[in-house]
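Report on the structure given below.
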Amino acid sequence: EAVADAMTTGQLDFIEQVSRLSGQPFSGSCPRIYENLIHLVRQPPPFADRLLALGLQTGPCGKAGPLSHRLLQAWGGPNSRPLMGTRHERALALLQRLWQADPIQRELPQSLLTEPINQHRPDLLTLTLSAQPTSQATLGQLARTALDARNPEALRVLRGHALELVHISAAGNHPVP
């Protein structure tokens, strides 16, 4: 995809020119990989705002899911680095914008909740937990995943996200008060 590939430059004028010359509208672009998506948080906010205003596809495209899901998958990819500081703030602001505009984007598949735990990525776990209110049962299941992954940092994030103190039974995945 010409527009998605042009996004790797982070240069708005170039991206718009590629769209114009290729005849590919922004609504037909479905960026999926880290290199195409990282500039949405690497560049100052006017970059993402402008692309969204031009019609960058935010809904599902094929099996790739909506833009918020694609962003979380790309940011958790093998080439990605933790989103910290300004990038984390930009990522959260962009995700909040997408989640408010389209509630379906808030419905994260279980894999987007567990992958940050398995990958030891507290930055992404914090972002995913911001999507929607999470039940104590779901937080308990995520805590079990964190225990299985030997990830105490994920447990800290879960506690910070209102996980009630629970005892996870050794026999199963059920939180026991």
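Each value in this text was obtained by applying a stated rule to the coordinates, not by laboratory testing. Worth saying up front: this structure is predicted, and the values here are computed from it rather than measured. Here the Cβ positions follow ideal geometry from the backbone for every residue, glycine too, while neighbour counts run over all protein chains shown.
Annotations
- In whole angstrom, the chain maps to an equivalent ellipsoid with semi-axes of 34, 14, 13, each derived as √(5λ) from the alpha carbon gyration tensor and ordered largest first.
- Shape index of region 1-96: Rg/Rh, with Rg the Cα radius of gyration and Rh the Kirkwood radius from the inverse mean 1/r over Cα pairs, equals 0.93.
- Rounded to the nearest 10 degrees, the inclination of helix 12-22 to the longest alpha-carbon principal axis of the chain is 60 degrees.
- Estimated from the Cβ-Cβ distance and a Förster radius of 30 angstrom, the FRET efficiency linking ALA53 and ALA2 is about 0.95.
- The length gained by stretching the chain between ASP13 and GLN132 to full extension, at 0.36 nm per residue less their Cα-Cα distance, is 39.3 nm.
- Length added when fully stretched, MET84-LEU155, from 0.36 nm per residue minus Cα-Cα: 23.7 nm
- Per-pair calculated FRET efficiency, R0 = 22 Å: ARG42 and ALA101 via Cβ, rounded to 0.05: 0.55
- Neighbour-limited loop hits for trypsin sites (Lys or Arg not before Pro), region 88-167 (at most 11 other Cβ within 10 Å; DSSP other than H, G, I, E, B): ARG150
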